[in-house]
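The values are calculated or read from the model by the stated rules, or taken from the named source; none is laboratory data. Note that the structure is a prediction, hence the values are computed from the model and not measured. Using ideal geometry, Cβ is built from the backbone for each residue, glycine included, and neighbour counts are taken over all protein chains shown. Accessible surface areas use protein heavy atoms only, side chains included; no ligands, DNA or RNA. Shrake-Rupley method; radii C 1.70, N 1.55, O 1.52, S 1.80 Å.
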Amino acid sequence: MRAFAQRHPFWTALIVIAVAVFLWMVFAIWPKWLVELIGRKKVFLNAIFNGVTLGGLYFLVASGFTLIFGLMRNVNLAHGSLYLLGGYFGYMVADATGLWLLAFPVAFVIIAFFGILLQLFVFRRMEGQDLRQTLVTIGISIVLADLMLWLWGGDFYNITPPEWLSGPMETFFVTAVKRSSGEPIYLKYPLVRVVIFAASVVIGVAMWMLLNRTRIGMLIRAGVDDRDMLAATGARIQLVFVGVFAFGAGLAGIAGVVGGTFQSIAPGEDVRFLLASLVVVIVGGMGSIPGAALGALIIGLAEQIGSVYFPTYAVVLTFLIMVAVLAFRPQGLLGRT
């Protein structure tokens, strides 16, 4: 950060001013002219919280994608189908047993098994053939989409969280002040979204530590940089890569359960979250877990703030961010050159 500030003092000052203004808007009581200009503070804070929690969901999907695409160089365009499939299985488990938490490990195991099958029967036979991997996984995603439509129909499904996670929690963010008594009015926000976002943060930190502080992470990074040299040392690189692929696919399954709890599960969500994963990985940087977290946060905030304040151009905003990153930093914000 110090090096960036020394090289780019203007941009550093601009970023500091923007962060200060944003923090003032979050914590201060808005004056009347600001409310008249952009609306109530409650709407603004809800958009921020929705963007942050949506970013947590995008991170769960994109972190699995960045492991498979960014680290292993496997172009898996069926990743969105794994997300939707995990959501359907999670819904079935939660609906049949009434145990919301049970849906997560079941979806992880089932979708991880699908990931192992993809690695063994598709990607291992097409190593280094990006175009063939792209075409084959597009075909797989189309087949899976039709099978899911046949099995579950075109209805929307919602995964109901347990009662202890239902309802809102009161935060310490002041949205307004009562005119009569002068008492502050605090923002209330769904507890389940806060808990799931906290869980996504824990998963992200654990993944970063696994890749950067353990022997398995060292093997994965070494295998990506020079697979032949690592294999010459006697390491079972194929077994390591199968495990990484299974873990990345399992994360997509967990994200499907989260998405079904946040929003809903329906045909077409596979394409939406595949595109979101691509944008997040491009913005954050391929193979970077912190980059995936930063990219997911930026895209989540852009979508939610855009949908509130300029809904017509909300979708365009995310792609404008991607274009700007590609123009000025093609490797991504936190990607390696």
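Observations on the structure shown:
- Each of Arg215, Arg221 has its accessible area taken with a 1.4 Å probe; listed largest first, they run Arg215, Arg221.
- Using a simple spin-label model with pseudo-atoms 7 Å out from Cα toward Cβ, Arg221 and Glu163 lie 4.8 nm apart.
- Largest GNM mean-square fluctuation among Leu101, Leu191, Leu37, using the chain with Cα springs under 10 Å: Leu37.
- Distant-in-sequence amide H partners of Thr175 (H built 1.01 Å from N, under 5 Å): Ile185, Tyr186, Leu187
- The simple spin-label model puts a point 7 Å past each Cα toward its Cβ; for Glu127 and Ile17 those points are separated by 5.3 nm.
- Spatial offset of the range 230-263 relative to the range 164-210 amounts to 30 Å, using the alpha carbon center of each.
- Comparing Ser63, Ser166, Ser181 in a Gaussian network model of the chain, where Cα atoms under 10 Å apart are tied by springs, the biggest mean-square fluctuation is seen for Ser181.
- Computed over the chain, relative contact order equals 32 percent, with contacts defined as Cα pairs under 8 Å that lie 6+ residues apart.
- Solvent-accessible area of His8, all protein chains in place: 70 Å² (probe radius 1.4 Å, heavy atoms, ligands and nucleic acids excluded).
- Accessible-area composition of the chain, carbon plus sulfur, in percent [1.4 Å probe]: 70
- Per residue, the solvent-accessible area of the range 274-318 (1.4 Å probe, heavy atoms of protein chains only, all protein chains present) comes to 39 Å².
- Shape of the range 1-114, Cα gyration tensor, a/c cut at 1.5: oblate
- With each label modelled as a point 7 angstrom along the Cα→C-beta vector, the Leu239-Trp24 pair spans 6.0 nm.
- Cα gyration tensor shape of the range 115-252, rounded if a/c is under 1.5, else prolate or oblate by comparing a/b with b/c: oblate
- Residues in the range 149-165 carry Karplus couplings, in order, of 5, 5, 6, 10, x, x, 6, 9, 10, 10, 8, 7, x, x, 4, 5, 9 Hz; the curve used is 6.51 cos²θ - 1.76 cosθ + 1.60 with θ = phi - 60°, and Gly or Pro positions show x.
- Take the range 178-260 with all the other protein chains still there, run a 1.4 Å probe, and you get 52 Å² of accessible area per residue.
- Derived scalar couplings between HN and Hα for the range 131-140 equal 5, 5, 4, 4, 5, 5, 6, 5, x, 4 Hz in order, rounded to whole Hz, by the Karplus curve 6.51 cos²θ - 1.76 cosθ + 1.60 (θ = phi - 60°), x for Gly and Pro.
- Loop-resident sites, the range 125-156, for chymotrypsin sites (Phe, Trp or Tyr not before Pro), counting at most 16 other Cβ within 10 Å (DSSP): Phe156
- In the assembled protein chains, Glu183 presents an accessible area of approximately 100 Å² (probe radius 1.4 Å).
- In this structure the range 8-157 gives 50 Å² per residue of accessible area when probed at 1.4 Å with all protein chains present.
- Dipole magnitude (debye, nearest 20) for the chain, charges at Cβ of Lys, Arg, Asp, Glu: 920
- Distance from the range 100-151 to the range 28-77 (C-alpha centre basis), Å: 27
- Amide H to amide H, with H built 1.01 Å from N, Leu334 comes under 5 Å of Gly285, counting only residues 5 or more places away or on other chains.
- The chain: C-alpha gyration tensor shape, a/c 1.5 cut-off, then a/b vs b/c: oblate
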